[in-house]
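We did not get these values from a lab; they are worked out from the coordinates using the rules stated. This structure is a prediction, so every number in the text was calculated from the model and none was measured. Cβ sites come from the backbone with ideal geometry, for glycine too, and all protein chains shown count toward neighbours.
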Amino acid sequence: MNEFDLIRQYFQQTDTERADVALGIGDDCALLQPLAHHHLAVTTDTMVDGVHFDERLTPADLAYKLVAVNLSDLAAMGAVPCWVSLALTLPSSDQTWLSEFGQALAHQLRHYQVALVGGDTTRGPLTLSLTAQGQVPAGQGLTRSGAAVGDVILVSGHLGDAALALNQHKLTPLTASQCARVEARLFRPTPRVELGLTLRQLASACIDISDGLSADLNHILERSSKALGGANASMSTVSLGACIDADKLPVSAEAVSVLGEQGAAANALNGGDDYELCFTVPATRLNEVIAAGKKANTPVTVIGEIVADGGLQTYYLGQAVDWQAQGYLHFSD
C-alpha cells in the first residue's frame, strides 16, 4: 500500500462535514472559509515514539491524545476547533494499526465537529503531527499576557495523575483500578474546549498545562510582565509574581494514596501532561468563573493570586516550600 492508497482508505472518508470547508483532502491545499470578523487560531503538536509515548499506548490512544493536545491549545485561546491536517511518519503501512488509529481519529474529530482537511504521509520512525485551526471573534482571544496584580489564579480539573502514570514504576505500586484511572489521564486527556469558550469574556490570561503547572504559570508571569512593561521590556525581566497555595491544588485520591497529601501536591505542581487550563481572572469576577465551570461541567479551583513581584512563590499550609521544577525541555541536558 503506497501513501495515496493509505490516505484514500483510512483518512479521506471522514464523517465530519463542515460548510466552511470549500475543498478538503485530495488537492495540493485545502480551501477554507473562516467567519467574518474572526481571527484564526493555529497550533501544531508532534508526538514522537519513545519521547511522547511508549508501547503502552494503543493506536486508538495515540489518535485520541494527538487530537486532545492540539485542541487543548485552542481551548487555552478560547477558540472554536474547526479543522486539522495530519502528518504521519510510519515505519510501515500496518493495516491493523492504521485501521484502529483512523477509526479513533475520526471518532474524536466527529465528537468535536472538526474536519480533517489534509496532511502528509511518509516512511520513517513513528512520528505523529497534527496542525489544528480554530476561530475566535476578533479581540476576544485569550492569551498568556493579560494577568494583573490582584488577579485570582485557577486551574481546571485535577492535576498530577498523568505524571503519576508516567512515573508509577518508581513508586509504590498502584492497584489495577488505580492504574487504569491515572493511565486514562495520561493516554486520553480531555481538552477543556467548552470551558475555554466560556472564559473568553472572563479570564485575563490563560494557558494549557502541558509541561507542568509551575513551568506553565511562569510563562503567564513572563508574558504578562512583558506586556505591562511595554514594547521595550526585556523578556527576561519578570516584575509580576504569583503566590500559590499548594495545599489547595486539586489532586486525586489515587495520588494521595501513593504519595501522601504533601507528595501529591508537589507532583501536581510540577507534573506534566495534564492538559488542564491554568487561568487568571479579576477577583471581582470569581463568582462568574465558578458558574462558568459548572456550565462547562468542569471543576475549577482557586490556587493563588497574582502579586506585584517575587516570581512564583509556593506555600504549603502557610509555609514557604521550594518545589518548583522547570518542566520538560527538549534539547536540555
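Quick notes on this one:
- Placing R0 at 35 angstrom, the Cβ-Cβ distance between Val302 and Gln113 gives a FRET efficiency of 0.65 after rounding to 0.05.
- Couplings for the stretch 48-54, taken from phi via the Karplus curve 6.51 cos²θ - 1.76 cosθ + 1.60 with θ = phi - 60°, read 10, 4, x, 10, 9, 7, 10 Hz in order; Gly and Pro are left as x.
- Taking amide H as placed 1.01 Å from N in the peptide plane, Ser204 has its amide H under 5 Å from the amide H of Thr280, Val281, each at least 5 places away in sequence or on another chain.
- Three principal axis extents of the stretch 152-320 based on alpha-carbon atoms, in descending order, are 53, 34, 27 Å.
- Longest segment of the chain lacking trypsin sites (Lys or Arg not before Pro) that sit in a DSSP loop with at most 15 other Cβ atoms within 10 Å: 57-333
- Across every pair of non-identical alpha carbons in the stretch 1-155, the mean reciprocal distance, once inverted, gives a Kirkwood radius of 16.6 Å.
- Cβ-based charge dipole, the chain, positive-most Cα from His52, Gln313, Thr284: Thr284
- Per residue, the average separation of C-alpha pairs within less than 8 Å and at least 6 apart gives the stretch 152-320 a relative contact order of 43 percent.
- Listed peptides 300-311, 259-270 appear in the order 259-270, 300-311 once ranked by packing, highest mean of other Cβ atoms within 10 Å at the front.
- Only the Cβ atoms of Lys and Arg (+1) and of Asp and Glu (-1) were treated as charged; on that basis the dipole of the stretch 179-277 about its Cα centre amounts to roughly 320 debye.
- Whole-percent P(r), the chain, all Cα pairs, 10 Å bins from 0: 6, 25, 32, 24, 11, 2, 0.
- Charged side chains reduced to their Cβ positions (Lys and Arg at +1, Asp and Glu at -1) give the stretch 165-219 a dipole of some 160 debye around its Cα centre.
- Annotation: amide H-H contacts under 5 Å for Phe53 (H modelled 1.01 Å from N, sequence separation of 5 or more, or interchain): Val48.
- Considering only Pro282, Pro34, Pro173, the mean-square fluctuation computed in a Gaussian network model of the chain, springs between alpha carbons under 10 angstrom, is largest for Pro173.
- Using θ = phi - 60° in the Karplus curve 6.51 cos²θ - 1.76 cosθ + 1.60, the 3J(HN,Hα) couplings for the stretch 262-278 round to 5, x, 5, 5, 5, 5, 5, 5, 10, x, x, 6, 6, 6, 9, 9, 10 Hz; x is entered for Gly and Pro.
- Phi to ³J(HN,Hα) by Karplus 6.51 cos²θ - 1.76 cosθ + 1.60 over the stretch 303-309, Hz, x for Gly, Pro: 10, x, 8, 7, 10, 5, 6
- Spin-label model distance (nm) - Asp49 vs Glu17, 7 Å beyond Cα toward Cβ: 3.7
- Gain on full extension, evaluated as 0.36 nm per residue between Ala138 and Ala320 minus their Cα-Cα distance, stands at 61.4 nm.
- Pairwise inverse Cα distances across the stretch 242-305, averaged and inverted, put the Kirkwood hydrodynamic radius at 13.0 Å.
- Residues of the stretch 296-310 with amide N under 19 Å of a point placed 7 Å along Cα→Cβ from Ala283: 301-310
- The modelled label-to-label distance between Ser257 and Asn167, using points 7 Å beyond Cα along the C-beta direction, is 2.0 nm.
- Amide H contacts of Gly212 (H built 1.01 Å from N, under 5 Å, at least 5 apart or other chain): Asp273, Asp274
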